[in-house]
Amino acid sequence: MTKLGYAVVGVEESAAGIALAQKNYPDCHFIQDSIYEMSSPELQHSFDAVISVEAIEHLFNPKAIVTAAKYCLKPGGKFILTTPYHSYLKNLALAISGKLDNHFTALWDGGHIKFFSVPTLTKLL
């Protein structure tokens, strides 16, 4: 996005994450803060758009990302959010192919915590 002329600001909770992000994306600015607390005045009502890509499904409290986006957006700003969609047909195909347990496994650290459908994501928003 920086190559298209956009100013990009990333928010990351850990100092190690900030260092890694800054190394990989030197044209971006990074702020250490938590979406669960969102306390940086530098972020408050400062952005035309907030983009969250494939992150909400990893959160124990997905409402926090919506609250954080509202904190960061200017009036009339846009919140762009993506998350994997687990439709009935996709889940059926995973079950038939024997890959359902592997896809939804709880036996590895990290990964997806919450799964959303269009109605549940709409209700959250």
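Every number in this text was worked out from the coordinates using simple rules, so none of it is lab data. The model shown is predicted, which means the values in this text are computed figures rather than measured ones. All Cβ positions, glycine included, derive from the backbone under ideal geometry; neighbour counts span all protein chains shown.
Residue count for segment 1-16, restricted to those that are over 15 Å from the mean Cα position of the chain (by Cα), of a type outside the set (Ser, Thr, Tyr) and not in a loop (DSSP other than H, G, I, E, B): 4.
Out of all the residues in segment 61-80, is one or more under 14 Å from the mean Cα position of the chain (by Cα), in contact (Cβ under 8 Å) with a residue 24 or more places away in the chain and assigned to a strand (DSSP E or B)? Yes, some residue in segment 61-80 is under 14 Å from the mean Cα position of the chain (by Cα), in contact (Cβ under 8 Å) with a residue 24 or more places away in the chain and assigned to a strand (DSSP E or B).
Just so you know, in segment 21-54 the residues that are without any contact (Cβ under 8 Å) to a residue 12 or more places away in the chain and either under 29 Å from TYR85 (Cα atoms) or among the basic types (Lys, Arg) (or both) include one that is surrounded by the most Cβ atoms within 10 Å (Cβ to Cβ), and it is ALA21. With respect to the conditions (1) under 20 Å from PHE30 (Cα atoms); (2) out of contact with any Leu (no Cβ under 9 Å at 6 or more places or on another chain), LEU89 lacks only one, and its number is (1).
Within segment 112-125, can you find the residues that are in a loop (DSSP other than H, G, I, E, B) and either free of Cβ contacts under 8 Å to residues at least 40 places away in the same chain or surrounded by 12 or more Cβ atoms within 10 Å (Cβ to Cβ) (or both)? Before you say what the answer is, go through the steps one by one.
First, pick out the residues of segment 112-125 that are in a loop (DSSP other than H, G, I, E, B): 112-115, 117, 125.
Matches in segment 112-125: HIS112, ILE113, LYS114, PHE115, SER117.
Kindly indicate whether any position in segment 82-104 is surrounded by 14 or more Cβ atoms within 10 Å (Cβ to Cβ), free of Cβ contacts under 8 Å to residues at least 40 places away in the same chain and touching a strand residue (DSSP E or B) at 6+ places or on another chain (Cβ under 7 Å). Taking every residue of segment 82-104 in turn, at least one turns out to be surrounded by 14 or more Cβ atoms within 10 Å (Cβ to Cβ), free of Cβ contacts under 8 Å to residues at least 40 places away in the same chain and touching a strand residue (DSSP E or B) at 6+ places or on another chain (Cβ under 7 Å).
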